[in-house]
Every structure is written in structure tokens, then in C-alpha cells.
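Only one structure is covered here, and it is reproduced in the block below.
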């Protein structure tokens, strides 16, 4: 299994102060991995999402520090035009409390994901991930490989405000 770490922005939700949201992977962003450059093509996660596979949310790829999982509904994943978005309803565990505290301070390094490549294209020292079997996403405390990911402690109030701003901007246009 391969792992890729990404810089992220974490949002905690006001309606659920124990929720993190953001992007575990972004499409088209370049990452230097060992001696090659890698990008992720839009749709790379579609097969895993459609399969209903049980994907875990972990801290630093550590299977003893589970934050959520798709099977229980505490981790929700989806693809949009930007990348693989996630929402994690955090448990009341020490690991989750630590992650939330670091996220609220802006001290989290990024997001990462563990996967097996099932479709890829190589061109010299460039690799494009076209399809992956996703096993887990992780909040990482250090340095990510991809710099465009985000994780935020997010509130319903924040989302409602953003939705209103977006609607107002469309109305003015």
C-alpha cells in the first residue's frame, strides 16, 4: 500500500464542534515522491466510493488511532471538481481531542491517504494516478506530499454563512 501526505486546512463545525472537514486529495496538483512527480486525475477515487468499501480515517496512518470510518457513517467521502473531500465526526477519544486541538490552532501538517494504484500512467519521471483503491485517509502532524489539501474544524453556522455569501454573489451578478 502506498501513502501520500498532503497539506490541509482543518475546519471544526460549530453545529458539531467535533467534526473535521476538508480535502484528503486534490486533482491536478503535483507532488514530488522520491525521484518522480505525481498527480491525481479527477475520478481516481470513483470506483472505491461506488464500491461502498470501508475506508478508515486515521491519525498519521496509525490503525490504533481511528477517527472514523465509512462503514459506520462517521467518515463521509465524495469527489468534486477539486478533489476527494471528507467529513469526519470525531469520537470522544484522546487521539481525536488532540487532533481537534491542533487543527483549531492551525498546527496540523496536512492530510494523507493510503491506497493501491489500480490505474496509472507513467511518462518518464511523471506518474498520473488514474484509479486507486482507497484504504484510508489520515490527518498528519508533519509534512504532506501534496500541498493543496485542506482540513478544517467547521461549523454549520460557517457553512450557512458561506452559502448565503455565495447566493448573494450569484444574485448580484
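The values are calculated or read from the model by the stated rules, or taken from the named source; none is laboratory data. None of the values given here were measured: they were computed from a predicted structure. Cβ coordinates were reconstructed from backbone atoms using ideal geometry, including for glycine residues, and neighbour counts include every protein chain displayed.
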Contact list, first residue from the stretch 42-66 and in contact (Cβ under 8 Å) with a residue 24 or more places away in the chain and at negative phi, second anywhere and surrounded by fewer than 19 Cβ atoms within 10 Å (Cβ to Cβ) and assigned to a helix (DSSP H, G or I), beta-carbon distance below 7 Å, six or more apart or interchain, is 59/95; 65/95
Just to be sure, is residue 32 at pLDDT 95 or above, at negative phi and assigned to a strand (DSSP E or B)? no
Picked from the stretch 92-138 (must be at positive phi and part of a loop (DSSP other than H, G, I, E, B)), the residue nearest to the chain's Cα centre (by Cα) is 106
Go through the stretch 74-105 and count every residue that is surrounded by fewer than 13 Cβ atoms within 10 Å (Cβ to Cβ), over 17 Å from residue 45 (Cβ atoms) and in contact (Cβ under 8 Å) with a residue 12 or more places away in the chain. 1
Please give the number of the condition residue 54 fails out of (1) assigned to a strand (DSSP E or B); (2) touching a strand residue (DSSP E or B) at 6+ places or on another chain (Cβ under 7 Å). (1)
Within 13 Å of the chain's Cα centre (by Cα), under 17 Å from residue 25 (Cβ atoms) and assigned to a strand (DSSP E or B), is that true of residue 84? yes
For residue 114, which of the numbered conditions (1) within 17 Å of residue 47 (Cβ to Cβ); (2) buried (at least 22 other Cβ atoms within 10 Å of the Cβ); (3) at pLDDT below 95 fails to hold? (2)
Kindly indicate which of 64, 48 is in a strand (DSSP E or B), over 19 Å from residue 109 (Cβ atoms) and either at pLDDT 95 or above or in contact with a helix residue (DSSP H, G or I) (Cβ under 7 Å, 6 or more places away or on another chain) (or both). 64
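Going through the stretch 36-50 one residue at a time, which ones are within 14 Å of the chain's Cα centre (by Cα) and surrounded by fewer than 22 Cβ atoms within 10 Å (Cβ to Cβ)?
If the condition is that a residue be within 14 Å of the chain's Cα centre (by Cα) and surrounded by fewer than 22 Cβ atoms within 10 Å (Cβ to Cβ), then 49 is the only one that fits.
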